[in-house]
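The values are calculated or read from the model by the stated rules, or taken from the named source; none is laboratory data. Because the structure is predicted, anything quoted here is derived from the model rather than measured. Heads up, the Cβs are rebuilt from the backbone with ideal geometry, glycines too, and the neighbour counts pull from every protein chain shown. For the accessible areas, the whole protein counts, side chains as well, though only heavy atoms, and no ligand, DNA or RNA atoms are used. Shrake-Rupley method; radii C 1.70, N 1.55, O 1.52, S 1.80 Å.
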Amino acid sequence: QFGRTEVIDNTLNPDFVRKFIMDYFFEERENLRFDFYDVDSKSPNLSKHDFLGQMFCTLGEIVGSQGSRLEKSIVGIPGKKCGTAIVTAEELGCCRDSVLMQFCANKLDKKDFFGKSDPFLVFHRSNEDGSFTICHKTEVVKNTLNPVWQAFKISVRALCNGDYDRTIKVEVYDWDRDGSHDFIGEFTTSYRELSRGQSQFNVYEVINPKKKGKKKKYVNSGTVTLLSFLIETEVSFLDYIKGGTQINFTVAIDFTASNGNPLQPTSLHYMNPYQLNAYGMALRAVGEIIQDYDSDKMFPALGFGARLPPDGRVSHEFALNGNPQNPYCHGIDGVMEAYYRSLKCVQLYGPTNFAPVINHVARYAASVKDGSQYFVLLIITDGVISDMAQTKESIVNASKLPMSIIIVGVGPAEFDAMEELDGDVVRISSRGRFAERDIVQFVPFRDYIDRSGNHVLSMARLAKDVLAEIPEQFLSYMRVRGIKPSPAPPPYTPPIHVLQTQI
C-alpha cells in the first residue's frame, strides 16, 4: 500500500485532493492498483468497510495518455458496473532552469610586473553549513584590466541549489602560468539579484580584504558588471509526451536458418506450448513498456532472412501478419500472434541483413520531422550480421531522423559487430561520415536469463537496460532540431454534480 486519499462524505462522484508523489522511470513497468472503499466507520482496517471495486494501470499508461489523464473502468464486483476512475499525473518541476550569463570588468588591479593582468572569475555557491563549493570558472582573458568574458550557461541547481536568496561568491584572479594565480578581489551576490539583469544593481565592487585593512584610502580593486542574464527552462521527455508526441514502435525479427528448426526444442524459435522462447520474451519485455506511449497500440511487425510462400523468394523486410500493405498488429498480443503465424508458413533462410528493416522505419521517420512522432525499432537477432557496411550507412543516415534502434541478441553467438553498432565506445561512422547522435542500444539476451527460472524479474531488467537510453536519445534529437514540446491540453475540469444526500 502506497497511500490513501481523504474520505469524501455522501457522494458518488468524489474529486480527491490528496496527491501522491512517486518516482517515474520510463524504462520500467510500474504497476499500480487503486482500490475504492465506502467508509462506514473510523476504523483504519479496510475489511470493516465496503469494497467498491478496483482499477489497474501502469504509471506509464497515465503519463502516456493525452494530457497525462487516464480514464479507466473500475472493476472487481462480478456483474456490476463499478464506475470510472480518472487519474492525472504531473511532473514535479524540480528547478529545471539554466541561465546564460555574461560578465565584464573595469579597471582591475594590475598584478603582473611587466604586462597587465590576465583575469578570470571563479563562482562559488554557499552550502547550508556556510561553506562554499566551486561551481564555475570562466576562461582567462589575456593582458587586460578591462576584460569581457564569454557568456556561459549554468544550471540554477548548480548555481544556488534552487534557493534564489542563497549567497553566491565570485572571486577575481590574475592567471599565472605556474598555477600560483594572484587574488585580485571578490564580491557576493545572489540569484535573485543577478536575475534583475543588466542594471545599476549588478555592478559590483571587487574588494581585496587584505588591501582594505592596510590602506585607508582603498576604494576597490576594480568593478565587475553583469552584461546579460537569460533564463532557459530545460524541457524533459515528459513535456513532449504530455504535449502529444507519440512513440511508434516497430518490431523486426530474425528468421535466418542459424536459429535452428522451430520444431526442434534446441531452436531459438521453438514454439514451446508452456513458455515463451527467447524471441517472445524479449519482445514482450520491451513492447509492454513502449505500448503505453502509443495511443493507437498498432505496431508494424516485420521479419527478415526468410523464404516466403508461395514462390520461395527471400525477403529481408516482410510483414509478419502476411499483409505487406498493412503490417500493423494490434498490441503486443497481436505481434506475438503474427510472429507465431509466420513461423508456421515461412522457411528460415538467410543471410542476416539489417539495413532493409532500418531503412523501412527510416522512411516513415523521415516523413514526420516536426516532433509529433518518434520511432523505436526493436531488432531481435541471433547472429552475425551479413551487411555490416550497408547497416552502418543506414544507421548514420537514421541518426538525423527521429528514431532509435534497440538490438537484442539472442543465442550463444559472438556479438562483436553489435557492440560496434552500439557506438557507446566509438561513434559509428560510414564512408567518413559520423553518426549525428548515438541511436543504437545493444544488449545480449543471455546476460538476463535468470538461473533460478524467474523470468519476470530478468525480463524487467532487460527492458530497463534497453530502454534506459531512449529518453536521452529522444531529447538529443529534439534539442538539435530546436523542437519545443507542444503545450499540454488544458487540464480536465469535471462536470459540476448536484450533491446527492442520503436520507
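Tabulated data for the structure shown
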read-out: Meets criteria (without any contact (Cβ under 8 Å) to a residue 12 or more places away in the chain and not hydrophobic (A, V, I, L, M, F, W, C)) for Gly411; value: no
read-out: Among (1) under 31 Å from the mean Cα position of the chain (by Cα); (2) under 23 Å from Gly130 (Cβ atoms) - the single one Lys212 does not satisfy; value: (1)
read-out: Residue that is modelled with the lowest pLDDT [pool: residues in the stretch 471-490 that are open to solvent by 90 Å² or more (accessible area, probe 1.4 Å) and out of contact with any Lys or Arg (no Cβ under 8 Å at 6 or more places or on another chain)]; value: Pro490
read-out: Given (1) among the charged types (D, E, K, R); (2) more than 28 Å from the chain's Cα centre (by Cα); (3) open to solvent by 50 Å² or more (accessible area, probe 1.4 Å), index of the condition Asp387 fails; value: (3)
read-out: Matching residues in the stretch 15-34 - criterion: being over 30 Å from Leu467 (Cα atoms) and either open to solvent by less than 60 Å² (accessible area, probe 1.4 Å) or of a type in the set (Asp, Glu) (or both); value: Asp15
read-out: Every residue from the stretch 357-376 that is over 20 Å from Val410 (Cβ atoms) and in contact with a strand residue (DSSP E or B) (Cβ under 8 Å, 6 or more places away or on another chain); value: His360, Val361, Ala362, Tyr364, Ala365, Ser372, Gln373, Tyr374, Phe375
read-out: Check on Val410, of a type in the set (A, V, I, L, M, F, W, C), open to solvent by less than 10 Å² (accessible area, probe 1.4 Å) and farther than 20 Å from Tyr448 by Cα; value: no
read-out: Those residues of the stretch 128-173 which are among the basic types (Lys, Arg) and either outside any strand (DSSP E or B) or over 29 Å from the mean Cα position of the chain (by Cα) (or both), in sequence order; value: Lys137, Lys142, Arg157, Arg166, Lys169
read-out: Residues being in contact (Cβ under 8 Å) with a residue 24 or more places away in the chain and either in a helix (DSSP H, G or I) or not assigned by the TED database to the domain that holds Ile405 (or both) - total across the stretch 422-459; value: 4
read-out: Considering residues of the stretch 414-459 that are in contact with a Lys or Arg (Cβ under 8 Å, 6 or more places away or on another chain) and closer than 20 Å to Val384 by Cβ only, the residue surrounded by the most Cβ atoms within 10 Å (Cβ to Cβ); value: Leu421
read-out: Number of positions in the stretch 466-490 that are touching a strand residue (DSSP E or B) at 6+ places or on another chain (Cβ under 6 Å) and aliphatic (A, V, I, L, M); value: 2
read-out: Answer from Ala338, Ala398, Ala362 - the residue that is in contact with a Cys (Cβ under 7 Å, 6 or more places away or on another chain) and under 19 Å from Phe249 (Cβ atoms); value: Ala338
read-out: Every residue from the stretch 352-372 that is open to solvent by 20 Å² or more (accessible area, probe 1.4 Å) and either among the aliphatic types (A, V, I, L, M) or more than 19 Å from Asn326 (Cα to Cα) (or both); value: Asn353, Ala366, Val368, Lys369, Asp370, Ser372
read-out: Which numbered condition Arg125 misses (of (1) part of a strand (DSSP E or B); (2) out of contact with any helix residue (DSSP H, G or I) (no Cβ under 8 Å at 6 or more places or on another chain); (3) in contact (Cβ under 8 Å) with a residue 24 or more places away in the chain); value: (2)
read-out: Counted residues, the stretch 182-222 - those being surrounded by 13 or more Cβ atoms within 10 Å (Cβ to Cβ), more than 24 Å from Lys153 (Cβ to Cβ) and of a type in the set (S, T, N, Q); value: 3
read-out: Hits in the stretch 223-245 - residues which are over 22 Å from Lys153 (Cβ atoms) and of a type outside the set (A, V, I, L, M, F, W, C); value: Thr223, Lys242, Gly243, Gly244, Thr245
read-out: Residue among Val251, Val224 that alone is touching a Phe, Trp or Tyr at 6+ places or on another chain (Cβ under 8 Å), in contact (Cβ under 8 Å) with a residue 40 or more places away in the chain and over 30 Å from Gly334 (Cβ atoms); value: Val224
read-out: Extreme residue, most open to solvent (accessible area, probe 1.4 Å), among residues of the stretch 460-470 that are in contact (Cβ under 8 Å) with a residue 40 or more places away in the chain and outside any loop (DSSP other than H, G, I, E, B); value: Lys464
read-out: Of the criteria (1) modelled with pLDDT of 95 or more; (2) in contact with a Ser or Thr (Cβ under 9 Å, 6 or more places away or on another chain); (3) assigned to a helix (DSSP H, G or I); (4) open to solvent by 10 Å² or more (accessible area, probe 1.4 Å), which one Leu348 fails; value: (3)
read-out: Filter result (out of contact with any Gly (no Cβ under 8 Å at 6 or more places or on another chain) and open to solvent by less than 40 Å² (accessible area, probe 1.4 Å)) within the stretch 223-243; value: Thr223, Val224, Thr225, Ser236, Phe237, Leu238, Asp239, Gly243
read-out: Asp382 vs. criteria assigned by the TED database to the domain that holds Ile289 and either in contact (Cβ under 8 Å) with a residue 40 or more places away in the chain or of a type in the set (A, V, I, L, M, F, W, C) (or both); value: yes
read-out: Candidate set from the stretch 95-122 (those that are closer than 14 Å to Leu159 by Cα and in a loop (DSSP other than H, G, I, E, B)); member that is modelled with the highest pLDDT; value: Arg96
